[in-house]
């Protein structure tokens, strides 16, 4: 095995450490040939501007993205997916600078849905949020390396994370599309079945949700509600977003009971409203005169999620004994919102980007942008 690695590569890896280009793990040396292969796979020029981060006075180009994708360990065929995910993080609604520099330590959670992600071998089944799949691991890692190397969001510098979690290395997976009548995430979001989409959202670490004794939809979803109302989670009562990853058995139980995905989200939205007393019992008190809206509604409760649409429900994971996952955003929507992009086929029209953002061609920003 050692014979496969040249002395030059070993020296380059150590040089990358010395320059502060890594996330703590070794990186692949970004040689000119490797970067060129990455750009060629997406049929894009190195100078093409993907977007801007005004707070940092930085433009992110395809060349920067390609170099960091090489360092992350991406194969060239992954690069169109990296570009779409990176463009989504550069949308002003995502507020990339805030996500990557906050004390809250958000991960950039990346969720793909569609055939292009499946074609490069992304994993949406067993261990979907964990280890063992190169595409999952390196695509997500590439985004974090861009934030670190191009925006300066490094530990001890602009990344002010107080605690952090392993998702800050990478947190990226593909949906395991459910059978009909349920719809894949991209179709729920208004795209075509043949499209591939990426959703980016700044999250805390995953909470594993176990319910192995009941197949009643109300019981399965109540297990999520308990997590959603945990007072010490920063978004509770402040209006955040979340990702609900329904594992195999839980999705099956809800679907076979005749519930739609929308009904499941509505149940979670309704039952995650929290009483001021529940917050106080967890040591958290209502903010007065602060930037976060903690208004008590007519039902005496406060919204954890302002809208049903703030709950992103996706199916993933392999068969087991009744496991799912819940990922809340690290902060309310005031600070960051999830963003969706369609992955472009190489050679497709590119957005016109400048220092103030991007003008997206029809279809790339989603159906709502075309209205």
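Some notes on this structure:
- Volume of the Cα convex hull of segment 314-353, divided per residue and given in Å³: 132
- Given their separation in residues at 0.36 nm each and the Cα-Cα distance between them, residue 187 and residue 270 gain 27.5 nm when the chain is fully extended.
- Prolate/oblate/rounded call for segment 9-162, Cα gyration tensor, a/c under 1.5 rounded: rounded
- Kirkwood Rh, angstrom, the chain [1 / mean 1/r, Cα pairs]: 21.3
- Approximating the spin labels as points 7 Å out from Cα along Cα→Cβ, the residue 180-to-residue 77 distance works out to 2.9 nm.
- Cα gyration tensor shape for segment 12-65, rounded if a/c is under 1.5, else prolate or oblate: oblate
- Per-residue ellipticity at 222 nm, computed for the chain from helices alone with -39500 (n - 2.57) per DSSP H run of at least four residues, works out to -9000 deg cm²/dmol.
- Inter-label distance for residue 131 and residue 219, nm, one decimal - labels placed 7 Å from Cα along Cα-to-Cβ: 3.5
- Tensor-based shape of segment 146-263 (alpha-carbon gyration tensor, a/c under 1.5 rounded, otherwise prolate or oblate): oblate
- Contour minus Cα-Cα distance for residue 17 and residue 260 (0.36 nm per residue): 82.6 nm
- Each label point was placed 7 Å from the Cα along the Cα-to-Cβ direction; for residue 348 and residue 37 their separation is 2.5 nm.
All of the numbers you see were taken from the coordinates with simple rules; none came from a lab. Predicted model only: the values in this text are computed from it and were never measured. Glycine gets a Cβ as well: all are built from the backbone with ideal geometry, and neighbour counts include every protein chain shown.
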